[in-house]
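Here's the structure we're looking at; comments come further down.
Coordinate-derived values only; no laboratory data. The structure presented is a predicted model; accordingly, all values stated were derived computationally and were not measured. Note that we place each Cβ from the backbone using ideal geometry, even for glycine, and neighbour counts take in every protein chain shown.
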Amino acid sequence: MINIEELLAEHLKKISTAPFLFIGSGFSRRYLNLPNWDGLLEQFSELVPRSYDYYVSTANKELPEVARLIAQDFHPIWWDDDKYLTSREKFKGKINTIESPLKIEIAQYLRDITYEYGKNENNDREIDALKQVVIDGIITTNWDIFLEQVFADSDIKAYIGQKELLFSQPFEVNELYKIHGCSTNHESLVLTSNDYKLFNQKNPYLAAKLLTIFIEHPVIFLGYSISDPNIQQILDSITACLDQENIDKLKNRLIFVERAGGAADAFESSSFTTSNRVTIPITKIKTDNYELVYKALSKNKRKFSMKTMRQIKSQIYELVKTNDPSGKVAVIDGENLNAADIEFVIGVGVTKAAEQLRAARDEMLDTGYLNSIGYQSIPQIDIYKEILADPPSYDYDALISQTLPQLLGTNHRLPVFRFIKECGIETAELPVQLKRKLEKKLTMNYFLTQSQRDIKKSQLRLYNSIPETIDGYADFTKALQCIPHLGADGINLDELHHLLKQHVDKLDADTPASMELKRLIRIYDWLKYGKLLLPPAN
């Protein structure tokens, strides 16, 4: 029996750069049980009077046209039916096309779906392994926010749609390219035939961006059939720019992972013929155990985290781009370090200067100098820990203005109420991302997954306090999951704070327990600070 983990790890050693993942709908179907595109359209066709078969036949089985027809018929229903009153109020002034209402409902549906630990042990192991992969980035046509949740602790930077990717400066490190849009912005979804027309007009520019990635990195396809139209179109565009010699170089770089369907694992060379009759060499992996693939991707360790690598690359890019002599850039030896003159250090042969560099860093920390330049690089895990901190470790005005707006773009569930309450910024002056947090009427259900909401109290061993709950369950994670069911009035905040401080070191691990501890920190933040700021729930 072949060993997929060892074979893939050895294969990747042939290429010096870290891989990119290219993720399709099969990935979300595997872990979130989401339907494929066809199934999603069939599901939303139930909102309109005509049958799904009617739309499929009218559109000659072209799914983008099916989506356009459904959107067209759904538009008046959405405006007239009281069922969508809340959506109409929420998106007032943001309905730009006849297709917007359908996109809004699809986006809201996808945003509410998250991965739930404990339902499938194999998937749990795979997700834990996925969080450890060493990659430079991810490309996806998926609209859900599952990937942002999986890689939340690495502060992955998401680029939504072609526009953000084309008109930004991606660094190909710790980045997520959502080329078909994202459910966090309904207008970004590439859904209908009209959307695809616009997408295809800009496709040569996107292909040029992707070509660099495909030439320089291994690209591992997950959740796609090799015959997927999206993949075919992208490979068509990319190969149109290459001669046969360079196409042959893709042999070791394009790796397709497919389900084995119960058959034996396979690791083999294969080929794929594009619609313009170009034959591309690929490597094909067949397995039902994706944990082996993810573990292979974690074997090449970096000296720096993905987040740190991206920060370094962005700083170097800015230096080269601006060539600004007024910037604080200097070539010095370790003897002449002046903390106030340094914002960014690149060392060549710095072993001798290590102690001087550390001393300069300590001086900057002591004087607070780093606080003025480092607030845009605070990791999400530190935000969770700061909710429990006494005394505060940060300037909350700086957190509000510099840190949180950026972090909320990739993780909208971050706890923020303490910072809003204790900062010196008036509500009217808060960044829009923080203002939105104050508009919600929250209940305990907001913090729970759908499966947790559906659990009946009769199915739980409920205790009267947090210490009793922890002592009553042999499984620590299970005990943490039961604490929210004590209810807002039944949770003693001092007990909860003590528990969270006692186990704060567990937050750094990617485990089910750390996920539940973060959930409890969000609940603590709401109960202690948020309830003083928010409108009462009905």
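Could you grab the relative contact order for segment 37-111? Cα pairs under 8 Å, six or more apart, rounded to a whole percent. Before the final figure, lay out each step's value.
Values: 46 pairs, mean separation 20.1, N = 75.
Reported relative contact order: 27 percent.
In the structure displayed, which of 163/197; 13/119; 178/202; 13/131 lie more than 25 Å apart, Cα to Cα? Write down the numbers at each step before the final one.
Values: 163/197 15 Å; 13/119 35 Å; 178/202 15 Å; 13/131 20 Å.
Table pairs above 25 Å Cα-Cα are 13/119.
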Phi angles of segment 230-243, converted by Karplus (6.51 cos²θ - 1.76 cosθ + 1.60, θ = phi - 60°) into ³J(HN,Hα) in whole Hz with x for Gly and Pro, give 5, 5, 4, 5, 5, 5, 4, 5, 6, 5, 5, 8, 10, 8
Filtering trypsin sites (Lys or Arg not before Pro) in segment 458-538 by DSSP loop and by at most 14 other Cβ atoms within 10 Å leaves 461
With DSSP loop assignment and no more than 14 other C-beta atoms within 10 Å, the trypsin sites (Lys or Arg not before Pro) in segment 1-35 are 13, 14
Long-range amide H partners of residue 254, meaning residues 5 or more apart or on another chain whose placed amide H is closer than 5 Å, are 219, 283
